[in-house]
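Worksheet for the structure shown next.
Quick note: the coordinates plus some simple rules give every number you see, no bench work behind them. What you see is a predicted model, and the numbers here were worked out from it, not measured in a lab. Every residue, glycine as well, gets a Cβ built from its backbone with ideal geometry; the counts of neighbours run over all protein chains shown.
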Amino acid sequence: MKITIIGGGMAGLSSAYLLTKLARNLTKDRDKDLEIQVLESAKEVGGRCKAFVLKDSFKDSFKDSFKGESNRKTDNCPHIIFKAQVYGMIEELGITDNFYHLENGFEFLDQDEYFTYNPSQNKLWAMTHKKFAWGLQDYKALFKLACNLKIFRKNKTVAQIFAKSKIYKKFWYPLCLAIMNDKPENSSADIFYNTFKYLIKRGFSSFNIYKPCNNWSDDFFHPLTKYLENQNVKIKTNTKITDITTIKSDYIILATPLSQTLKLLANNLADDQVSHNPITSIHYQLDSKLEDTLNQYKGLTHIYNRDNNLDHDLWFSINNNIISTVHSSFADVDVDYFKRILAHNLKIKPSLILDSKKIINKHATLNHSQENLNKVQKILKSTKADNILICGDWSSSDTFPTTIESSFISALRIQAKIKNLIYEKK
Ligand SMILES: Cc1cc2nc3c(=O)[nH]c(=O)nc-3n(C[C@H](O)[C@H](O)[C@H](O)COP(=O)(O)OP(=O)(O)OC[C@H]3O[C@@H](n4cnc5c(N)ncnc54)[C@H](O)[C@@H]3O)c2cc1C
């Protein structure tokens with residue numbers, strides 16, 4: 001059986017990984033049949049998660065800081081994951097040393113006030129055991145959360161049900177800002193419920209959050225690609241598919257973002273009916289000679305700043321001497337303006353910060369309102385084609401918010417479908 005996967009992002013490569021596992025578990029004659037190829041339009045795999053090499057001019061300006069490194073990379077923005085199913089793949093690949101557990105969580109700065117996002121196992125445990133730390137609202141929210149009756153959350157927003165609870169403040173609110181770039185209060189109560197239930201089902205340790213030590217490309221995609229190639233998966237980069245009818249395969253897996261998927265299926269559905277959250281990341285560099293400033297912020301991985309004067313949010317993270325800012329506004333992000341804000345926060349002159357790279361993600365994540373999620377489900381139902389299977393973070397938004405985890409969940413579904421198809425064929 002020949003399978004072509006279009007898109008070499010988290011969903012496409014996870015599908016390839018899970019299909020190689022499936023092939024090994026099948027009987028030998030079936031194993032011979034499974035031929036997998038991945039076609040990726042970009043020159044490197046990784047999709048929205050891949051890391052970027054910094055500008056050359058930048059490196060010249062800060063020669064001393066680079067200490068001879070020629071290929072310094074930075075992530076699109078600090079991508080974190082839960083210790084859920086995708087972490088299982090990291091364990092199986094034997095690359096857990098490439099990731100670290102954010103034991104102290106993400107540190108945030110909201111205006112001038114710091115707070116930490118730490119949904120870890122230990123914190124949750126402590127929360128449930130400090131009898132008097134919980135108020136009536138928390139018990140009410142927990143009851144509603146635990147209650148399987150859909151009536152409580154049907155067409156409700158998270159804020160309508162959980163806004164006053166600690167679960168909302170400590171778990172959902174920062175999750176939306178740090179990972180989903182979505183408005184916490186507008187999300188569907190259903191997706192909140194599903195996320196919490198999904199993580200609880202996998203045990204309390206799945207609430208622990210992880211991050212690659214260097215960047216996603218070096219720490220994850222390169223070892224995964226190597227593994228796949230050893231398993232005879234063919235990965236072709238620089239291969240943009242515009243017409244799927246030209247692909248001769250038994251099954252085609254579309255592991256592409258929603259807009260691309262609809263184009264490739266050439267159907268009349270417009271993805272502009274569905275609303276996405278854009279993210280623009282700008283990476284700046286700080287001279288390593290500014291040791292005092294760097295030491296002051298050492299260990300600080302993520303800062304969040306919601307400035308009332310801005311109509312968008314601003315995050316910045318410091319990783320060695322790279323500062324990344326992330327903006328939820330797409331149009332005309334003013335690099336210099338944010339540089340001045342950064343300089344103000346770091347209490348240094350703007351001239352000591354150089355800009356390096358601007359990465360625009362028009363469709364970074366989905367808007368998780370119930371109305372929007374319903375539209376996605378409608379599109380999914382109407383895009384059924386015989387030998388085409390749909391994958392990608394957005395296609396699992398009924399289970400988990402559009403994240404790395406939802407990409408992996410979509411790949412698990414593909415694995416199950418292909419398994420059924422193989423047995424049906426026999
Ligand atoms: C700035 C930012 C921060 C984020 N932070 C987090 C976070 O902290 N934690 C988290 O879990 N998630 C985070 N996310 C979401 C996460 O990155 C995505 O959910 C996930 O990477 C989606 O993977 P995917 O494989 O479904 O799609 P993609 O990564 O978009 O992969 C699709 C691939 O298909 C390729 N492609 C498209 N069209 C074609 C074509 N016609 N032919 C061939 N190839 C094609 C693309 O080049 C791409 O490589 C963030 C996203 C962004 C943008």
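A few remarks follow.
- Distances between placed amide hydrogens fall under 5 Å for Thr157 paired with Ala189, all partners being 5 or more residues away or on another chain.
- Residue-count net charge about Cys213 - beta-carbon cut-off 12 Å; Lys, Arg +1, Asp, Glu -1: -3
- Peptides 359-365, 210-216, 277-283, 242-248, ordered by how many other C-beta atoms sit within 10 Å of their residues on average, highest first, read 277-283, 210-216, 359-365, 242-248.
- Under a 5 Å amide H cut-off, with hydrogens placed 1.01 Å from N, Leu389 pairs with Ile252, Ile253, Leu254 among residues at least 5 apart or on other chains.
- HN-Hα J in Hz across segment 374-379 - Karplus 6.51, -1.76, 1.60, θ = phi - 60°, x for Gly and Pro: 4, 4, 4, 4, 5, 4
- The fewest-to-most ranking of Arg413, Arg48 by surrounding Cβ atoms within 10 Å reads Arg413, Arg48.
- Per-residue ³J(HN,Hα) for segment 196-210, Karplus 6.51 cos²θ - 1.76 cosθ + 1.60, θ = phi - 60°, Hz, x for Gly and Pro: 4, 5, 4, 6, 4, 4, 8, x, 4, 5, 5, 7, 5, 10, 10
- Listed pairs Lys197/Lys347; Lys50/Lys201; Lys357/Lys378; Lys211/Lys339; Lys83/Lys248 exceeding 31 Å between Cα atoms: Lys197/Lys347; Lys357/Lys378; Lys83/Lys248
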